[in-house]
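Report on the structure given below.
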Amino acid sequence: MENKLSNELDLTICLTNMNNVTNSFDRIAKKLINDFILIVNDSKFRFTEIEFYYHHNGKHEDNITHEHKRKQGMWRAHNQGFDITFEGNEISCGGILIRGLKQESNNKYTNGPRRCIFQIFEKFNNINGSKNIIEIKYKPKKKPKTIFKTIRQLSDKQKKKKYANKYYRYYTEIEEWQSKHITNNQRKEMETKRKKI
């Protein structure tokens with residue numbers, strides 16, 4: 001399987017202060033949701049929901065972040081779903097968790113990080129030598145969508161941690177999501193605790 005990420009998506013995080021970290025997340029979220037598509041072989045998807053996790057020693061110590069040693073801009077699968085990675089090394093690591101996708105051919109929404117992985121695997125080729133391609137490509141929307149941010153969806157244990165109430169979850173088109181994948185309470189919480197970017 002080819003494992004590529006377009007160099008046009010700038011994943012740089014400015015660490016001079018907390019506002020600049022947040023501004024970096026806002027910038028990346030806008031670009032990823034409005035300007036890029038996810039390609040899995042012949043299928044194309046738009047990103048509709050993502051979450052940011054980033055830990056940097058002494059600068060942004062989000063201890064909910066999974067540690068890894070991957071290079072920046074790689075795909076990383078784990079128990080909660082799959083990420084686009086930030087650089088992982090001795091002082092920093094992190095990723096962008098893919099929480100929601102919209103298939104371009106039929107406008108079908110997939111919500112939830114594990115459901116997104118299942119959707120991607122459904123688009124894989126057969127096992128007999130066919131290569132699989134999963135990458136993002138620059139394809140700006142003709143009319144950019146309004147993007148909101150809210151607090152991340154965390155376990156009760158994680159909600160007690162320092163960075164739990166940061167607005168690091170980004171989404172768009174929530175009114176179109178399938179009701180079987182999001183409860184009315186979840187939708188209400190996301191719409192109540194949100195900021196427009």
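Only the coordinates and a few stated rules stand behind these numbers; no lab work does. Computed from a predicted model, the values in this text were never measured in an experiment. Using ideal geometry, Cβ is built from the backbone for each residue, glycine included, and neighbour counts are taken over all protein chains shown.
Cα centroid separation, segment 55-74 to segment 97-117: 25 Å.
Note on segment 14-47 and segment 120-177: Cα centroid distance 9 Å, given to the nearest whole angstrom. Taking Lys and Arg as +1 and Asp and Glu as -1, the other residues whose beta-carbon sits under 10 Å from that of Arg194 total +3. Rounded to the nearest 0.05, the FRET efficiency derived from the C-beta distance between Gln158 and Glu8 at R0 = 35 Å is 0.60.
Computed about the Cα centre, the dipole magnitude for segment 71-119 is approximately 300 debye when only Lys and Arg (+1) and Asp and Glu (-1) carry charge, each at its Cβ. Rounded to the nearest 20, the Cβ-based charge dipole of segment 87-159 about its Cα centre (Lys and Arg +1, Asp and Glu -1) stands at 540 debye.
Plugging the Kirkwood radius over Cα pairs into Stokes-Einstein for segment 2-196, at a temperature of 10 °C and a viscosity of 1.306 mPa s, what D comes out in µm²/s?
Details: Rh = 17.2 Å.
D, rounded to a whole number, is 92 µm²/s.
In the frame of its principal axes, segment 76-137 has Cα extents of 41, 30, 25 Å, reported largest first. From helices alone, the chain scores -6000 deg cm²/dmol at 222 nm; the rule is -39500 (n - 2.57) for each run of n ≥ 4 DSSP H residues, then divide by the residue total.
Putting +1 on Lys and Arg Cβ atoms and -1 on Asp and Glu Cβ atoms, find which of Asn34, Phe82, Ile120 reaches farthest to the positive end of the dipole of segment 2-196. Checking the options against the dipole of segment 2-196, the answer is Asn34. Taking every alpha-carbon pair under 8 Å whose residues sit at least 6 apart, the chain reaches a relative contact order of 24 percent.
Estimate the FRET efficiency between Ile127 and Lys71 by the formula 1/(1 + (r/R0)^6), using the beta-carbon distance for r and 22 Å for R0, to the nearest 0.05. Working shown, then result.
Working: r = 27 Å, r/R0 = 1.25.
The computed FRET efficiency comes out at 0.20.
Rounded to the nearest 20, the size of the Cβ-charge dipole of the chain about its Cα centre is 560 debye, with Lys and Arg at +1 and Asp and Glu at -1.
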